[in-house]
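To start, the structure itself, in structure tokens.
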Amino acid sequence: MWSNATHDLATPLPGARRMARSFPEASLFTMDVVGHWLYRRGGTEEAMRVVDTYLTRPQG
């Protein structure tokens, strides 16, 4: 799983989309926000929930 803000100058969304396409099993979670931090530091509850779910329910 990849996560990315739609307006992230450090890791622009087109690059995140290319990276996600490089991994056939990947999914890309995007949020329409400005900035680099989606998780914890300035993150939203929605972003943290998506990441937490991914990390606590690994797919084999």
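The values are calculated or read from the model by the stated rules, or taken from the named source; none is laboratory data. For clarity, every value in this text was computed on a predicted model and none was experimentally measured. FYI the Cβ positions are ideal-geometry reconstructions off the backbone, even for glycines, and counts take in every protein chain you see. We work out accessible area using only protein heavy atoms, side chains counted, and drop any ligands, DNA or RNA first. Shrake-Rupley method; radii C 1.70, N 1.55, O 1.52, S 1.80 Å.
Observations on the model:
- Flag if T53 is open to solvent by less than 80 Å² (accessible area, probe 1.4 Å), among the polar types (S, T, N, Q) and modelled with pLDDT of 80 or more: yes
- When M19 is tested against (1) surrounded by 12 or more Cβ atoms within 10 Å (Cβ to Cβ); (2) at pLDDT below 85, exactly one condition is not met: (2).
- E25 vs. criteria modelled with pLDDT of 85 or more, of a type outside the set (F, W, Y) and either open to solvent by 40 Å² or more (accessible area, probe 1.4 Å) or part of a strand (DSSP E or B) (or both): yes
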